[in-house]
Amino acid sequence: MTTTSQQKPSPAFFIQSVLSFAIALIALVIGVINLQVDVWVRGFLSVGVLYLVTSTFTLAKVIRDQQEASTALSRIDQVRLEKMLAEHDPYRPVA
């Protein structure tokens, strides 16, 4: 039985991704704070940033869950096929 295993990202890639996200978020927050606009506009932009960040995490989770579900189903189908092929005897007389 052959299974395809997904490779985990390297620790360096994980650290790079986290740092990239943190730097981008911090830069955006600093930009919103330093805008020369009314506090209500800053509040609106801050809520927009918060909504965008949370919806991004939700979307990433949903995509990951769908990928895991399809991988599990394909593994089940693969095991069923291998079982049928192992039990199949081409020389057995048809009854």
message: Taking the 0 to 90 degree range and rounding to the nearest ten, how far is the long axis of helix 11-33 tilted relative to the main principal axis of the chain, both from C-alpha atoms?
response: 30 degrees
message: What does the extension gain come out to for V39 and Q16, with contour length at 0.36 nm per residue minus their alpha carbon separation?
response: 4.9 nm
message: Over the Cα atoms of the chain, each weighted equally, I'd like the Debye log10 I(q)/I(0) at q = 0.10, 0.11, 0.13, 0.14 Å⁻¹, rounded to two decimals.
response: -0.55, -0.61, -0.72, -0.78
0 to 90° range, to nearest 10: angle between helix 39-87 axis and the chain longest Cα axis: 10 degrees
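Accessible area per residue, 1.4 Å probe, Å², for the chain: what's the number?
Value returned for the chain: 93 Å² of accessible area per residue.
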query: Taking all protein chains as present, what is the carbon and sulfur share of the accessible area of the chain, in % to the nearest whole number, probe 1.4 Å?
result: 69 percent
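The values are calculated or read from the model by the stated rules, or taken from the named source; none is laboratory data. Predicted model, so just to flag it, every value in this text is computed and none were measured. To get the accessible areas, we keep the full protein, side chains included, count just its heavy atoms, and leave off ligands, DNA and RNA. Shrake-Rupley method; radii C 1.70, N 1.55, O 1.52, S 1.80 Å.
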